[in-house]
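What follows is a short report on a single structure.
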Amino acid sequence: MADDDDDIDGGSVPVFDRQARTGSIGLLVGLALSFVAAAAVLAMVEPEKAAPYVQILLGLLAVVGVFALFAGAIGLVRFGVKPQGRSLARVFVDGFDEGLLVTDDQGRIAYANAAYGQVTRAAAANDLRTIERIFAGNQEAAESMFRLSEAARTRTPAEAEIRTALPIGTTEGGARWYRVKVRPLAFVADRGAEGHRLTTWRISDVTRERDAQESSFQELQQVVTFLDHAPAGFFSADATGRITYLNATLADWLGHDLAKFEAGGIRLKDIVQGQGMALIADAPADGRTAIVDLDFVKRNGQSLPVRLLHKVPVGASGKPGDSRTLVINRSAGEDASETLRAAEVRFQRFFNNTPFAIAEVGRDGAIGRSNAPFLKLFGGAVRADAEGARGNLADTVIEADRPKLAEALAAAVEGKGDIAPFDAQLVGDDPAKRRSARFFVSSVADGSDAGEAVIVYALETTQQQELEQRFAQSQKMQAIGQLAGGIAHDFNNVLTAIIGFSDLLLASHRPTDPAFQDIMNIKQNANRAAALVRQLLAFSRRQTLRPEVIHFGDTLADLHMLLGRLLGEKVGLEVVHGRDLWPIKADTSQLEQVIVNLAVNARDAMPGGGKLTIATRNVAADEKLPYATMGMPAADYVLIEVTDTGSGIPKDIIENIFEPFFTTKPVGQGTGLGLSTVYGIVKQTGGFVYCDSELGRGTTFRIFLPRLVETPETEAARIAAESPTAAGLPASVTDLTGSATILLVEDEEAVRAFASRALASRGYTVHEAGTGQEALDVMEEVGGEIDLVVSDVVMPEMDGPSLLRELRKKRPDLKIIFVSGYAEDAFARNLPEGESFSFLPKPFTLKALATAVKETLGR
């Protein structure tokens, strides 16, 4: 409200109500007596003389009656019984502190209380004006009044605060603030106002309130200024660690521009050095003040030693609110005169920034003072309770390792030295994540009776043990691979002889001969054995691959029908193709074998039926994956996910699934080479394979193959190399005979005998050698007659690459074919760069040998 001396006396301002009933019974009696007297007078006058007067009187009465009817129709005159008093609501509204005005839908005033007259300086009912008329000439109020008028028209509530240069209705005084509210009023259903919609306007002088707000704001601004320039820093952080307030002193210490600071723009962990966040997280969140010594990090990277008086109040909901933290600068520039304080700062830095977790432990195992790494390592297991107790050290390790800890603590309490360190598994919130640490225990041995008797140092070894396990697994897989590769090589020599001599026998027998079918059975079973050997070579990564640029989406689409037949009717197949898959370089047939092997394994894991999903997508180098991919460098990959809904793989055997001949299937239902083949092919292609499984829910294999980024030069070379006539030869060779002279070098006598007979049967002249040295001797004897050398790779005394280097000294243009049970890449790296040679993998048939010789000689 306005000041008292500016207000009009409330008693002189009437309450205006257009609907109020007025009148007097005395006037009505007087009017009736007048008509009776007139009638009596006219009765005493002669009729002829009284007639004009009677007509005049009746005319007047008729006019009065008609006027009363019209006045009643328009509401100017109301007929009825006068009320016997004001209702409770009317008394309340009449005495309302705020000015109240009621208008009808035509904008006419229907009611105004006394307070409205006081605020608007209306001395009488005739002086009352509507709110819109009062502020009509005020330019500052134009926008607010337009909004309020629109609200009244659309019958929606609204309010606004309007400033005027002078009080309403006066030409003197200072500026005033008025709060104006408008809201619709329900229909009035009484007889006098039937059908009208009313609107209420409320107005009050809020100048004093605005002045108080302005004063409070100024005081608050002054307090903020004092806090900003206090000799101590101050900040407030929310429950997520984002700083919501920072005073100018702390901003200056940290090198931040306070004008650019935004609430939540800086995280607390961004300004806390080392593992100091563990100390802050350990502070009680129940309103108590904790003292924390740590280092902040300035914007330029320098350290700032500080002491925090940290308090986290509890909100009304019971959850921790924003912190109130006072920061005391403890750098040398501030406390150079306090030697003890400087020494304490140095100790706190050493104590909290060491990589070791350190804690004082009592005789009963109770944890005392500890450093930040200790709190971070053990987390909630050592969080202080309401009394400040941190629990017992034995509760931080699993049950099986507690005897070792108890023994070490007992030895330290007895004052023994040289206590051997020990490893223990830590208790964690997630049982699936195994965490471990190495403990070092030493006695205090200071002769005091203090509760702290032992100092415990702990160093987390989780990652180290994981690396050790992976290294051991890698060494085991490598050893198994070497063994498998060696066995496969020897088997290939045997199988080459079996398959080769079978071909020779088949060439000399007709299909009608009794022995022909027996020879065919020998060859077919030898080919089956050769397939098993290829799987061993795939695991040992010594098979021959023919990599090419492929788009795996096309390859997977071609496999869809085959996979459907393999899975059968009980297992549903869903293929999810990633968009715009990057190209990769791989052997298409071998990659198809990977998918087929995984699909067959998935089918066997779902004997009652289920679903197999194969999904592909690109994985960028900077993408954060939600699962572990240890050992895989950051790069662009094409991801192939094969997921089934089968029985899952137990945790205790999942590390062995890629080993050759390891299988959980019954005898006779698997060779144990399916997943080992997958592992070898993926590794030889340069990719990575991981397995995640959960019993009862299924298994997911994830294969990451490196993205191929082709340049125009490499693309042109690839297209040229893929051309069937790139070497000037026809796409297929039908005539396998010849007349050239060939030097055959093979240390396995059976293989050498078969190859020699096979080549001789095709018209070639063959010179044999069992070792590399024998081959050089033959070259010395025969000289330039040799057109082609067919040599094994792995031989005693001198291997194939070494023989080639010696032959090149005298015959640089000599053509050579290497035959081996190992992959071409296994020995090609030992040859000079750009060396030209052909390759024939073992085991080979007579036709494969003759074709390779014919093609090489034709170059």
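With the requirement that a residue be out of contact with any strand residue (DSSP E or B) (no Cβ under 6 Å at 6 or more places or on another chain), surrounded by 15 or more Cβ atoms within 10 Å (Cβ to Cβ), part of a loop (DSSP other than H, G, I, E, B) and of a type in the set (A, V, I, L, M, F, W, C), what does segment 124-142 give you?
PHE135
For segment 143-253, which strands (runs of 3 or more DSSP E) that fit wholly inside it have 2 or more residues that are within 20 Å of LEU101 (Cα to Cα) and open to solvent by 20 Å² or more (accessible area, probe 1.4 Å)? Step through it out loud before you land on a result.
Numbers: elements: 158-164, 176-185, 198-205, 233-237, 242-246.
Here the list reads 158-164, 176-185.
Among the candidates LYS311, LYS269, LYS260, single out the residue that is surrounded by fewer than 20 Cβ atoms within 10 Å (Cβ to Cβ) and more than 24 Å from SER370 (Cα to Cα). It would help to see each step written out before you state the result.
On the way: LYS311 fails: more than 24 Å from SER370 (Cα to Cα); LYS269 fails: more than 24 Å from SER370 (Cα to Cα).
Every option except LYS260 fails the conditions.
Output the residues belonging to segment 258-272 that are in contact with a Lys or Arg (Cβ under 9 Å, 6 or more places away or on another chain) and either in a loop (DSSP other than H, G, I, E, B) or on the phi > 0 side of the Ramachandran plot (or both).
ALA263, GLY264, GLY265
Please verify whether GLY380 is exposed (fewer than 15 other Cβ atoms within 10 Å of the Cβ) and at pLDDT below 85, treating the condition exactly as stated. Working first, answer last.
Working: exposed (fewer than 15 other Cβ atoms within 10 Å of the Cβ): yes; at pLDDT below 85: yes.
Judged against the criteria, GLY380 is a match.
Just checking, how many residues over segment 639-655 are under 13 Å from ALA599 (Cα atoms) and in a loop (DSSP other than H, G, I, E, B)? Full working, then the answer.
We begin by selecting, within segment 639-655, every residue under 13 Å from ALA599 (Cα atoms); these are 640-646.
Retained after the next criterion (residues that are in a loop (DSSP other than H, G, I, E, B)): 645-646.
The total comes to 2.
Do we find a residue being surrounded by fewer than 19 Cβ atoms within 10 Å (Cβ to Cβ), modelled with pLDDT of 80 or more, in contact with a helix residue (DSSP H, G or I) (Cβ under 9 Å, 6 or more places away or on another chain) and not β-branched (Val, Ile, Thr) anywhere in segment 843-859?
yes
Could you check LEU625 against (1) aliphatic (A, V, I, L, M); (2) under 23 Å from LYS683 (Cβ atoms); (3) touching a residue at least 12 places away in the same chain (Cβ under 8 Å) and say which number it fails?
The failed condition is (3).
I'd like to check which strands (runs of 3 or more DSSP E) are fully inside segment 737-794 and have at least 1 residues that are open to solvent by 40 Å² or more (accessible area, probe 1.4 Å) and of a type outside the set (Val, Ile, Thr). Explain how you work it out, then say what you get.
Details: elements: 741-745, 765-769, 788-792.
In segment 737-794, the matching strands (runs of 3 or more DSSP E) lie at 765-769.
Output the residues belonging to segment 796-805 that are among the acidic types (Asp, Glu) and open to solvent by 70 Å² or more (accessible area, probe 1.4 Å).
Pass one, segment 796-805, residues among the acidic types (Asp, Glu): 797, 799.
Within segment 796-805, just GLU797 meets the criteria.
Exactly one condition in (1) under 59 Å from the mean Cα position of the chain (by Cα); (2) touching a residue at least 12 places away in the same chain (Cβ under 8 Å) is not met by LEU128; state its number.
Condition not satisfied by LEU128: (1).
Considering ALA557, ALA634, which residue is open to solvent by 50 Å² or more (accessible area, probe 1.4 Å), at negative phi and over 28 Å from the mean Cα position of the chain (by Cα)?
Values: ALA634 fails: over 28 Å from the mean Cα position of the chain (by Cα).
Just one listed residue meets the conditions, ALA557.
Can we say ALA112 is open to solvent by less than 30 Å² (accessible area, probe 1.4 Å) and modelled with pLDDT of 75 or more? Steps first, please.
On the way: open to solvent by less than 30 Å² (accessible area, probe 1.4 Å): yes; modelled with pLDDT of 75 or more: yes.
Considered against the rule, which asks whether it is open to solvent by less than 30 Å² (accessible area, probe 1.4 Å) and modelled with pLDDT of 75 or more, ALA112 comes out as yes.
How many residues does segment 296-308 hold that are within 21 Å of ALA285 (Cα to Cα) and open to solvent by less than 20 Å² (accessible area, probe 1.4 Å)? If you could, list the steps in order and put the result at the bottom.
Going residue by residue through segment 296-308, those that are within 21 Å of ALA285 (Cα to Cα) are 306-308.
Checking which are open to solvent by less than 20 Å² (accessible area, probe 1.4 Å) leaves us with 306, 308.
So the count comes out to 2.
Residue check: is ALA453 over 30 Å from ASN656 (Cα atoms), of a type outside the set (D, E, K, R), in contact with a Lys or Arg (Cβ under 7 Å, 6 or more places away or on another chain) and modelled with pLDDT under 85? Let's see the steps before the verdict.
Details: over 30 Å from ASN656 (Cα atoms): yes; of a type outside the set (D, E, K, R): yes; in contact with a Lys or Arg (Cβ under 7 Å, 6 or more places away or on another chain): yes; modelled with pLDDT under 85: yes.
So ALA453 fits the description; yes.
Please enumerate the residues belonging to segment 597-631 that are loosely packed, with under 15 Cβ neighbours inside 10 Å and either of a type in the set (Asp, Glu) or modelled with pLDDT of 90 or more (or both).
ALA620, ASP622, GLU623, listed by residue number.
Let's see how each residue does on (1) among the acidic types (Asp, Glu); (2) open to solvent by 80 Å² or more (accessible area, probe 1.4 Å); (3) out of contact with any strand residue (DSSP E or B) (no Cβ under 8 Å at 6 or more places or on another chain); (4) modelled with pLDDT under 75:
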| residue | (1), (2), (3), (4) |
| --- | --- |
| VAL13 | no, no, yes, yes |
| ASP17 | yes, no, no, yes |
| SER24 | no, no, yes, yes |
| ALA32 | no, no, yes, yes |
| ALA37 | no, no, yes, no |
| GLU48 | yes, yes, yes, yes |
| GLY80 | no, no, yes, yes |
| GLY117 | no, no, no, no |
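Residue by residue through segment 273-295, note down the ones that are under 20 Å from LEU227 (Cα atoms) and either open to solvent by less than 40 Å² (accessible area, probe 1.4 Å) or part of a helix (DSSP H, G or I) (or both).
Matches in segment 273-295: none.
The values are calculated or read from the model by the stated rules, or taken from the named source; none is laboratory data. If you're wondering where the values come from, they're calculated on a predicted model, not measured in any experiment. Positions of Cβ are generated from backbone atoms using ideal geometry, with glycine treated the same way; all protein chains shown enter the neighbour counts. The protein model used for the area step is the full one, side chains on, heavy atoms only, and it has no ligands, DNA or RNA in it. Shrake-Rupley method; radii C 1.70, N 1.55, O 1.52, S 1.80 Å.
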